[in-house]
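A.B. asks: Let me begin by handing over the structure; questions about it come next.
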Amino acid sequence: MAEWKRCTVAPDYHVEVDDHYYSVPFGLLRETVEARFTDGTIEVFHKGERIASHMRSRVAHKAHDDPAAHAVEPSALCGMVAGTQLREAEKIGPHDALFEAIMKAKPHPEQGFRSCLGILSLVKSYGPERIEAAARRGNDIRATTYGSIKSILQNGLDRAFAKPNTPDASPIRHANIRGRGYYH
């Protein structure tokens, strides 16, 4: 028996059904679609017309892609959305290197959008300084998923990468203080 679910097409042009992501044509970003799914198939409809069909997968948090959805235009779209995300990241701090690593780690850069958006959403809970530190740590250890960055924050592992406190006053200058030049 078939079940139905209303979905909104995500920025990576996928819809989510039972924790699995299925691609739809890129022109439907942020559109509401309906997914009809059975034990073996997923069909996606937009305004009554079938726009995608996939074999159903039970693997959680993986993407099922139709190569036809990856036309020429998504690369331009990818640049536009990635550029938007990188500009948002720059408002928080210079951890755009992590976002680039996330997008390069995927078969199609668009598949990294969810992770990037998730990381940007963590700013509300942790603040920009901690997100920046977690991104630097994540980039250093090649932890390029939303879950790994969130884990770094939850466990306080970002604190070692936080900006050091700079002293408010200049160093003390006195004849009895030798300084680093004194030692060989």
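A.B. asks: Under 20 °C and 1.002 mPa s, how fast does segment 15-61 diffuse according to Stokes-Einstein, given a Kirkwood radius computed over C-alpha pairs? Answer in µm²/s, whole number.
C.D. replies: My calculation gives 197 µm²/s for D.
A.B. asks: Using 26 Å as the Cα-Cα cut-off, could you pick out the over-long pairs in K62/K150; K47/K104; K104/K150; K47/K106?
C.D. replies: K47/K104; K47/K106
A.B. asks: Multiply the residue separation of M1 and R178 by 0.36 nm, subtract the distance between their alpha-carbon atoms, and state the gained length in nm to one decimal.
C.D. replies: 55.4 nm
A.B. asks: Determine the gain in length on full extension of the stretch D18-L157; use 0.36 nm per residue of separation and subtract their C-alpha separation, reporting nm with one decimal.
C.D. replies: Stretched out fully, the D18 to L157 stretch lengthens by 46.9 nm.
Bear in mind these aren't lab numbers, they're just calculated from the coordinates by the rules spelled out. Quantities reported herein were computed from a predicted structural model and do not represent experimental measurements.
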